[in-house]
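Every number here is computed from the coordinates shown, using simple stated rules; none is lab data. Note that the structure is a prediction, hence the values are computed from the model and not measured. With ideal geometry, Cβ positions are generated from the backbone for all residues, glycine too; neighbour counts draw on all protein chains shown.
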Amino acid sequence: MTFIASVVNPKSENQPGFWFCFQNDKLMIELNESGGKIPRLFDPDELNLKPIRSQYLGTLNGTDCYSAEIPLTDPWPDSMEFFSLIEAFGKLDEELYKTAVHAQQIVAWDRDHQYCGRCNSPLGYQDSERAKKCPSCQLMVFPRISPAIMVCVLRDNRILLARNRMFADGFYSVLAGFVDPGERLEECVAREVKEEVGLQIENIRYFSSQPWPFPNSLMIAFTADYRDGEITVDGKEIAEADWFGVDELPKCPTGKLSIAGRLIDWFRMEYAGTH
Ligand SMILES: [Zn+2]
């Protein structure tokens, strides 16, 4: 299945569309034995839902897709359940899940940008692109994406993992942080590693990226090699950090849900059998 984003609703409603309905940032899914489905409807009213706002998203394999913000007062339809996007992972097939991530961000953007941040006038929609415009001061407001980096630092067949103070005891992950305005991604990677654990790195290489809608990040993952310094944790964000061989990894992310999991799984595969 392929999702093609669009803001222009063709109004060709001769077949029901996929409706990605959110209540309090939770996605409505119809669960059955073979997994989860996004309901196909002509109108959410078929389920007695009265959206506060709804948006046309584009098409998924030719089927129109919509998102909607459901009021907290609307009772859940009998056949449906609501899940956070983290809980929904694995319940939907990959392209439906990806479209749900897109839908959630559009719903949140529409909800959170009703008024101009500069002059407080109600914003109007643009017909041709996903944007709003202030009729008084012409300010344009686009969906916000906040880039963040994540890095797997390597040294002699070992990976640098750190325990954030917010993590449960014994749980480690790769270092991560938000990109500052005006900063290149590679500069951000080097700065975060220096700030959080006091190390200098080199050979910063792109790994992969992933939208992380909690609430609106784009995670951009890198690998890098150790160059110089001793681990000195900042004590603010990072409580502990250390080098781990592939056979001595602590509790850490794994699997496809997060790019941190994919990065650490890559290390496991790449360095299997090393000490
Ligand atoms: Zn304005």
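Residue-wise HN-Hα couplings along the stretch 124-132, as the Karplus relation 6.51 cos²θ - 1.76 cosθ + 1.60 with θ = phi - 60° gives them from phi, are x, 7, 8, 6, 9, 8, 7, 7, 10 Hz; Gly and Pro carry x. The H on the amide N of LYS251, modeled in the peptide plane, is under 5 Å from the matching H of TYR172, each at least 5 residues off or on a different chain. With Cα atoms as the point set, the stretch 125-225 shows a radius of gyration and Dmax of 17.4, 59 Å. For the options THR73, THR63, THR223, a Gaussian network treatment of the chain with springs between C-alpha atoms closer than 10 Å singles out THR73 as fluctuating the most. Would you mind checking which residues have amide H under 5 Å from LEU123's amide H? H placed 1.01 Å from N; only 5 or more apart, or other chain. Here TYR115, CYS116 satisfy the definition. Spread over its residues, the convex hull of the C-alpha atoms of the stretch 74-158 is 200 Å³ per residue.
Just for the chain, what percent of DSSP beta bridges are antiparallel, to the closest 5? Intermediate results must be reported in sequence, preceding the final value.
Working: 49 of 64 bridges.
Antiparallel bridges make up about 75 percent of those DSSP assigns within the chain.
Applied to the stretch 233-248, the Karplus parametrisation 6.51 cos²θ - 1.76 cosθ + 1.60 on θ = phi - 60° returns per-residue 3J(HN,Hα) values of 6, 6, x, 9, 8, 9, 8, 8, 8, 6, 8, 10, x, 5, 8, 10 Hz, with x for Gly and Pro.
I need the shape label for the chain. Rule: rounded when a/c is under 1.5, else prolate if a/b > b/c, else oblate, with a, b, c from the alpha carbon gyration tensor. List each step's numbers first, then the result.
Working: a/c = 2.48, a/b = 1.70, b/c = 1.46.
In terms of gyration-tensor shape, prolate.
In the chain, the longest principal axis of the Cα atoms and the axis of helix 259-270 are about 40 degrees apart. Would you mind checking the pairs LYS50/LYS132; LYS26/LYS91; LYS194/LYS251; LYS26/LYS50 and listing those with alpha carbons more than 20 angstrom apart? Those over the limit are LYS50/LYS132; LYS194/LYS251. Loop-resident trypsin sites (Lys or Arg not before Pro) (DSSP state other than H, G, I, E or B) in the stretch 179-225 with no more than 11 further Cβ atoms inside 10 Å of their Cβ: ARG184. Using modelled backbone amide H atoms (1.01 Å from N, in-plane), which distant-in-sequence or interchain residues come within less than 5 Å of GLY198's amide H? The list, which skips near neighbours in sequence, is THR232. Enclosing the Cα atoms of the stretch 1-123 in their convex hull gives a volume equal to 117 cubic angstrom per residue.
Helices in the chain, meaning DSSP H runs of at least 4 residues, each add -39500 (n - 2.57). Divided by all residues, the mean residue ellipticity at 222 nm is -5500 deg cm²/dmol.
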